[in-house]
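Bear in mind these aren't lab numbers, they're just calculated from the coordinates by the rules spelled out. These numbers come from a predicted model, not from an experiment. For neighbour counting, all protein chains shown are included, and Cβ atoms are generated from backbone atoms with ideal geometry for every residue, glycine included.
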Amino acid sequence: MPLGNNCNYIYNGKMKAAPPTEFDAIIVGGGMVGASLACLLENTPLRLALVDQSAFDVDAIPYFRQRSMADGASANQPGFDPRVSAITAASKNLFVGMGIWNEIERSRCCAYQDMEVWDADGTGSIHFAAADINQAELGSIVENSLVSAALYNKLASSPNLEILAPLAVDSLDFLEQEGESMVQLQMDRGRPLRAKLVIAADGANSKIRQLANFATREWDYDHHALVTTVRTASAHGNEALQRFIDTGPLAFLPLNTGLDSDAQHYCSIVWSMVPDKAREIMSLPDDEFRAHLAAAIEHRLGEIEWSAPRFSFPLRQRHAIDYVHRNIVLVGDAAHSIHPLAGQGVNLGLLDAAALAEELSRGLQAGRKLADPIVLQRYQRRRIGHNLGMMWLMEGFKHLFAEQALPVRWLRNSGMTAIDNLPAIKNLLARRAMGMDW
């Protein structure tokens, strides 16, 4: 039922407010996590709505068309989406199960088999290899817009889903209807929406989380993330690089153009650094930035021949104390946001979506109500400990590599070298990072 611009109707000659459009569940937020959850609930008897502030138009997604050209790019400089994700084996398996991974691979992605991590202030380093854990790859670097496009293409034919976009939530109310608790969302236009369950997948600055008064613990990392895409003189060889510098970690994530001539000469850059350094780097002319970047990665891939426009944004850690409040549930960045140094953010969100879909389906099969507190608490118990563990691990890494005292530098370099020489521990770390063996 499409929403109109007029939220009133005539009844017996009098103007009345239009009745709300009702669903079993409303997912607010059409990013990768929200859209994935809608796909995972496709074969349930639920009547679903997926709401987002932006239009769900595949052709309007930036960089969707393969080989599309960014502003100022040429045929030798493909227009990559600056927002990429390091998709783990667990997330890839989820996409395979949804039936969208082949479309993502056909569009453009880069599986990487190796990863080198080293300390700028010493000799410590760790090399991870997929072959060491009998896997084809450690992960895949994928442009976010290509994942979204594959998800939207699948959702377009979903029989139990109504996509309502562009549409924004203005307010939220809890109410009772025929003895059942409901949530009513007042939108920026059209009729209100009402559902037994509202799932907030609307990002780190979640409007639903704020309106429902979820308590959070949060703090600034005192870091800004600089992201861009570069072309390097040397091929990356499907290897990810991460160097820990005193101002913050620098990652080169391999990209694949799909063009034989330069398939391995592009990388997505995620450079986390203190704000003053970020402002300095952002202000550099392109040629100076490229020279500075090549030196920062110790010229591992030769000179930086080209760079796309740069973007910078502040990093903030945030975690909701509870993921469930009455009949509202948080998933993905709405529940937790994490430092990007390990590329785990979207993967944690996808695991949230998978766990919630599984618990809702299990509850329905057992004859429980959709928003049964027992069902929702099972989801929270499955995810909150795992997410907190990963967040504190990343926080520990950040502080460990930011510390410049000589004894700490010696210990961390010795520790990295020791782990590199202990295959059992190193391979366990690799499997955990891939979303395996939890």
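Sorted ascending by nearby beta carbons within 10 Å, beginning with the fewest, Arg108, Arg326 become Arg326, Arg108. Each peptide in 154-162, 124-132 gets a packing score, the mean of other Cβ atoms within 10 Å over its residues, and the list from highest to lowest is 124-132, 154-162. Of the two radii for the range 324-376, the radius of gyration is 1.08 times the Kirkwood radius, both from the alpha carbons; that is the Rg over Rh value. As an exercise, use a Förster radius of 35 Å and the Cβ-Cβ distance of Ser283 and Glu358 to find the FRET efficiency, rounded to the nearest 0.05. About 0.15, to the nearest 0.05. From least to most packed, judged by other beta carbons within 10 angstrom and beginning with the fewest, Glu105, Glu180, Glu143 follow the order Glu180, Glu105, Glu143. Sorting the segments 268-278, 376-386 by their mean number of nearby beta carbons within 10 angstrom, highest to lowest, gives 268-278, 376-386. Full extension of the chain segment joining Arg217 with Glu103 gains 37.2 nm, where the gain is 0.36 nm per residue of separation less the Cα-Cα distance.
Judged by the mean number of other Cβ atoms found within 10 Å, the most tightly packed of the peptides 198-207, 90-99 leads the ranking 198-207, 90-99. Counting beta carbons within 10 Å around each of His236, His299 and listing the fewest first gives the order His299, His236.
Put the Cα centre of the range 279-304 next to the Cα centre of the range 187-217 and the gap is 41 Å.
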